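The values are calculated or read from the model by the stated rules, or taken from the named source; none is laboratory data. Keep in mind that what you see is a predicted model, and the values were worked out from it rather than measured. Glycine also receives a Cβ, built like all others from the backbone with ideal geometry; neighbour counts cover every protein chain displayed.
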Amino acid sequence: MEQNRGTWSSRFGFLMAAVGSAVGLGNLWKFPYLAGENGGGAFVLVYIVLIVLLGFTLMLAEMTIGRHANSDAYGSYNKIKKGWGFIGGFGVLAGFLILSYYSVVGGWVLKYIVASFTGIGADKSGYFSNFISSPVEPIIYHLIFMGLTAVIVIRGISGGIEKAAKLLMPALFALLVVTVLRSVTLDGAMEGIRYFITPDFSEITLKVVIAALGQVFFSLSLGMGIMVTYGSYLSKDEDLEKDAFLIPSLDSLVAILAGFALLPAVFAFGFEPGEGPGLMFITLPAVFEEMPLGMLFGALFFLLVFFAALSSSISLMEVTVAFGIDQFKWSRKASTIFFTTLMFIIGIGASLSMGAWSDFLIPWIDGNSYGIFDFLDVFTSYYLLPAGGLLGAIFIGFIWGVPNAVKEIKMGSAFRTEKLWTVLIKFVVPVLVFIILLSTTGLLDK
Ligand code: PHE
Ligand code: NA
């Protein structure tokens, strides 16, 4: 059985793939613009608090469930307790919906690799909004991104995922550090640095907390069974406690670095911190213009962002594809092609909602109406993922039982944080997530 499902060829391979899943557009594209929209340091502070309380706790929880049950997200929950597979089913749905629009942004990144050479012009903001609102070009890039993801996923677990991640994550890290150095040394960068690291406590509103919570789940790939699925490929002597510390730490480091790459430049060049989804695409080209060989550097940077996005999209697709393989007994190829086609079609809607279909709005229970792109984002980050995390915590705390989970963890780990983790997973996580989930209703006016 183990043979058919595949395993990691090395511990490093697993770590890189898990980090590859976590580190992606969430860090480089989403985190900086969310910080810019939500008071800078205020958002960063809340984010870090939630990572410490929830991120580590749930990361360990998901990996433990997966390694114990040795199945996909749906199958793992169901195997531990019959009838609870639906928690994993939540995740399959979340992954499916997230990838539908994630791939659209992945396509934007591809476009910017090309545009680094062909030139973006003086009006960075106009260039971006022109591009994303046009009817055909972004969809072609979306198709390419989705297609590449599918090809890698078809090649199977250690063949594709590991190899790509091992090589490219370190390269991305190095280039990000260089970009940060350029950005923080720009004239007028200081104001941006201050904005990013100084929390103004009066800015910590409910909206900021909700946004930060959604981002914790999104950025760590939590609440949808990815770490369950990846954990299922791990051997019993793997130190899960250590991994659950390492992965969120690295992910947060990259997000913070991305903030330092973008926000100082926003102030130095007089852009708006609350620019939204365009922040990275508008700011970075301006930073690269201030560097020697900027064109080349820009292309290389976006290329590595693209690979980071790809290693995340692979994991998003893997959850869905593994579901098809394990539950419907489909071949890997059939499962991939089936789901890819569906996600591509939904993504077309997400892309068009940036232009031709921008008037098509979906009313939502928070009192707002969203275009397709925003709806997919809000629905998954603020609802599906936190709900998945909440159910996962309840599952461990009260259904499977903390002692059973602890036994599984201790097979490969000293588990020094056992007592702390027990309190967090059983009480703190469920209560905190539940309160924040509830409060989104009707309170999120923009
Ligand atoms: N964590 C990824 C990122 O930060 C996105 C992602 C979300 C991947 C959920 C898998 C699951 O870009
Ligand atoms: Na991330």
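Worth a mention:
- Boolean, LEU58 is within 16 Å of ligand 2 (Cβ to nearest atom), in contact with a Gly (Cβ under 8 Å, 6 or more places away or on another chain) and in a helix (DSSP H, G or I): yes
- Qualifying positions in the stretch 302-320 - within 8 Å of ligand 1 (Cβ to nearest atom) and farther than 15 Å from GLY95 by Cβ: ALA308
- Just one of the listed residues (SER369, SER353, SER358, SER381) is closer than 22 Å to SER103 by Cα and loosely packed, with under 15 Cβ neighbours inside 10 Å, namely SER358.
- Sole residue being in a helix (DSSP H, G or I), within 30 Å of LYS166 (Cβ to Cβ) and more than 15 Å from the chain's Cα centre (by Cα), chosen from PHE31, PHE96, PHE117: PHE117
- Test: residue in the stretch 247-258 that is β-branched (Val, Ile, Thr), outside any loop (DSSP other than H, G, I, E, B), under 17 Å from ALA35 (Cα atoms) and near ligand 1 (Cβ under 10 Å from one of its atoms): yes
- Verdict on ALA17 being of a type in the set (Gly, Ala, Ser), closer than 21 Å to GLY324 by Cβ and surrounded by fewer than 24 Cβ atoms within 10 Å (Cβ to Cβ): no
- Pairs are defined by a Cβ separation below 6 Å, a sequence spacing of at least 6 or placement on different chains, a first member in the stretch 113-128 that is over 20 Å from PHE306 (Cα atoms) and modelled with pLDDT under 95, and a second member that is surrounded by 11 or more Cβ atoms within 10 Å (Cβ to Cβ) and aromatic (Phe, Trp, Tyr); the pairs so defined are GLY121/TYR127.
- Residues in the stretch 200-238 that are within 14 Å of ligand 1 (Cβ to nearest atom), of a type in the set (Val, Ile, Thr) and within 16 Å of VAL49 (Cα to Cα): VAL216 only.
- Cβ-Cβ under 7 Å pairs, at least 6 apart or on other chains, the stretch 24-39 side closer than 14 Å to PHE218 by Cβ and at pLDDT 95 or above, far side within 8 Å of ligand 1 (Cβ to nearest atom) and among the charged types (D, E, K, R): ASN27/ASP251
- Qualifying residue in the stretch 150-165 (condition: at positive phi and in contact (Cβ under 8 Å) with a residue 12 or more places away in the chain): yes
- Residue check for SER235: assigned to a loop (DSSP other than H, G, I, E, B), touching a residue at least 12 places away in the same chain (Cβ under 8 Å) and more than 14 Å from SER315 (Cα to Cα): yes
- In the set (1) assigned to a loop (DSSP other than H, G, I, E, B); (2) within 16 Å of ligand 2 (Cβ to nearest atom); (3) not aromatic (Phe, Trp, Tyr), MET291 fails one condition alone, (2).
- Some residue of the stretch 303-319 being farther than 26 Å from ASP374 by Cα and aromatic (Phe, Trp, Tyr): no
- From the list PHE245, PHE217, the one residue that fits, being among the hydrophobic types (A, V, I, L, M, F, W, C), buried (at least 20 other Cβ atoms within 10 Å of the Cβ), under 29 Å from MET16 (Cα atoms) and modelled with pLDDT of 95 or more, is PHE217.
- Contact map, the stretch 208-227: residues that are within 17 Å of GLY95 (Cα to Cα) paired with residues that are in a loop (DSSP other than H, G, I, E, B), Cβ distance under 7 Å, separation 6+ or inter-chain. Pairs shown: PHE217/GLY223; MET227/SER221.
- Within the stretch 22-38, if we keep just the residues that are more than 15 Å from ligand 1 (Cβ to nearest atom) and surrounded by 24 or more Cβ atoms within 10 Å (Cβ to Cβ), the residue that is farthest from VAL105 (Cα to Cα) turns out to be ASN38.
- Scanning the stretch 105-135 for residues that are within 16 Å of ligand 1 (Cβ to nearest atom) and either hydroxyl-bearing (Ser, Thr, Tyr) or over 20 Å from ALA22 (Cβ atoms) (or both) turns up GLY107, TRP108, LEU110.
- Checked against the criterion of being assigned to a helix (DSSP H, G or I), surrounded by 20 or more Cβ atoms within 10 Å (Cβ to Cβ) and away from ligand 1 (no atom under 16 Å from the Cβ), the candidates ILE337, ILE282 yield just one match: ILE282.
- Highlighted here are the helices (runs of 4 or more DSSP H) found entirely within the stretch 139-226 that include at least 3 residues which are within 16 Å of ligand 2 (Cβ to nearest atom): 163-184, 206-219.
- Residue in the stretch 269-278 that is assigned to a helix (DSSP H, G or I), of a type in the set (A, V, I, L, M, F, W, C) and surrounded by fewer than 23 Cβ atoms within 10 Å (Cβ to Cβ) present: yes
- Just one of the listed residues (ILE425, ILE399) is surrounded by fewer than 22 Cβ atoms within 10 Å (Cβ to Cβ), on the phi < 0 side of the Ramachandran plot and either β-branched (Val, Ile, Thr) or in contact (Cβ under 8 Å) with a residue 24 or more places away in the chain (or both), namely ILE399.
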